[in-house]
1. On the basis of being more than 16 Å from Asn139 (Cα to Cα), acidic (Asp, Glu) and in the same structural domain as Asn139 (by TED's automatic domain parsing), does Glu53 make the cut?
2. Among the candidates Gly76, Gly80, which residue alone is surrounded by fewer than 20 Cβ atoms within 10 Å (Cβ to Cβ) and assigned by TED's automatic domain parsing to the domain that holds Arg12?
3. From the list Gly56, Gly10, Gly30, which residue is on the phi > 0 side of the Ramachandran plot and surrounded by 17 or more Cβ atoms within 10 Å (Cβ to Cβ)?
4. Only residues that are crowded, with 18+ Cβ neighbours inside 10 Å and assigned to a loop (DSSP other than H, G, I, E, B): list them for region 168-183, please.
5. Under the condition of being more than 24 Å from Ala37 (Cα to Cα) and without any contact (Cβ under 8 Å) to a residue 40 or more places away in the chain, which residue from region 96-126 is nearest to the chain's Cα centre (by Cα)?
6. Looking only at residues in region 136-147 that are touching a residue at least 40 places away in the same chain (Cβ under 8 Å) and farther than 20 Å from Leu85 by Cα, which one is surrounded by the most Cβ atoms within 10 Å (Cβ to Cβ)?
7. Considering only region 201-211, I want to know if a residue exists there that is closer than 18 Å to Leu261 by Cβ and buried (at least 18 other Cβ atoms within 10 Å of the Cβ).
8. Could you tell me which of the residues Gly10, Gly73, Gly20 is touching an Asp or Glu at 6+ places or on another chain (Cβ under 7 Å) and either at pLDDT below 95 or closer than 19 Å to Ser156 by Cα (or both)?
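The values are calculated or read from the model by the stated rules, or taken from the named source; none is laboratory data. Values in this document were obtained by computation on a predicted structure and should not be read as measured data. Please note: Cβ atoms are built from the backbone with ideal geometry, for glycine as well, and neighbour counts cover all protein chains shown.
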Amino acid sequence: MTHLDRTPPGYRLLRLLGQGKTSQVHLALGDRGQEVALKLPHPATLGEQEAAERFGNEVRLTLKFRHPHIVRGYAGTAFGPQAYLALRYYPGGPLSETLLLAPQALGWEARLRVLADLASALTYLHALGAVHQDVKPQNVYLDPAGRAALGDLGSSYFVAQGGPVSGSPFYMAPEIYHGEASSSASDVYSLGILSYELLSGLRPFLGQSYEELMVAHLTRFPQPLSQVAPELPRAAARLIERAFAKRASDRPGADELRRALLLALGETPGDEQVEEEPAAPSAPAAPTGRHAAPGRAAQAPAPASVPTEPPTPEPSGDAATPRPDRWRLFRRRK
């Protein structure tokens, strides 16, 4: 069975946007001509319990959460042969592509704005008792106005329900390397690493293997932000550096980061105000639980189900694609 055979009613596939180990994402048109990113699991994913659970978890949580800086989900089916997820389409692709192919496209204030938006998204999730578990540039999307949204919620879960350890080695907190449970503090650590990378153009911790990265995160300290990003106000720089403290209890909260980043932008931060986005474009409504697994509540959020073995570091990418040295994945510091 091909992806074309499993296109949900009311959508027309236009072109492939990208694919991973468990799914493909297509640009598609809805029944009223609106563009959406349509995520379809690979046929093999449907037959593997862990992969199918992860996709179903992403569908449920994406449709549940509503925040301006979390990628909007329009419709989806969590389980079964017609599983899919229709999402807001971001023509520019993920933030990682911008950093690799056009690192100068984001000015200084734009970078601070992206980080403030992500801190806002995490503040919302943490207030609900949820964790994202995989904050990294590949899961961040920018709209044409430069506002950021956090997506790819397959690893997310509600802390009260529990979930398996997950993450990406370049952005994982020390306690995650130890196999401890994820928390709001581990999300903040990941955002701190992303912040350092976005503001300085350098990853704070590097390695050519999973083991080297683990040692770096557990034992080393990067060059101070005040030296690699001197434009950043000292108060914000110190707070971001606290975000990747080795001990979870030493890190600030996501809302504290949000406030500091807004101050760095010259704005007066108020309490987090979560406003609904405008109504989603009309899309064929497919109830989330239509093909739900036996015994599973159709709309109930469930913990993510992902492999528990240590994740593999990201590959260095297609050698044919030009990548500036400062963004190369495993480049060592001189």
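1. Values: more than 16 Å from Asn139 (Cα to Cα): yes; acidic (Asp, Glu): yes; in the same structural domain as Asn139 (by TED's automatic domain parsing): no.
So Glu53 fails the test.
2. Details: Gly76 fails: surrounded by fewer than 20 Cβ atoms within 10 Å (Cβ to Cβ).
From the options Gly76, Gly80, the qualifying one is Gly80.
3. Numbers: Gly56 fails: on the phi > 0 side of the Ramachandran plot; Gly30 fails: on the phi > 0 side of the Ramachandran plot.
Of the residues listed, the single one that is on the phi > 0 side of the Ramachandran plot and surrounded by 17 or more Cβ atoms within 10 Å (Cβ to Cβ) is Gly10.
4. Within region 168-183, the first condition is being crowded, with 18+ Cβ neighbours inside 10 Å, and the residues that meet it are 168-177, 182-183.
Once the filter is applied, which keeps residues that are crowded, with 18+ Cβ neighbours inside 10 Å and assigned to a loop (DSSP other than H, G, I, E, B), region 168-183 yields Ser168, Met172, Ala173, Ser182, Ser183.
5. Only one residue fits best here, namely Ala110.
6. In the first step, residues of region 136-147 are kept if they are touching a residue at least 40 places away in the same chain (Cβ under 8 Å); the result is 136-144, 146-147.
Adding the requirement that they be farther than 20 Å from Leu85 by Cα leaves 136-137, 144, 146-147.
Values: Lys136: 24, Pro137: 21, Pro144: 8, Gly146: 16, Arg147: 15.
Looking at residues that are touching a residue at least 40 places away in the same chain (Cβ under 8 Å) and farther than 20 Å from Leu85 by Cα, I get Lys136.
7. Yes, there is a match, as at least one residue in region 201-211 is closer than 18 Å to Leu261 by Cβ and buried (at least 18 other Cβ atoms within 10 Å of the Cβ).
8. Going through Gly10, Gly73, Gly20 in turn, the sole match is Gly10.
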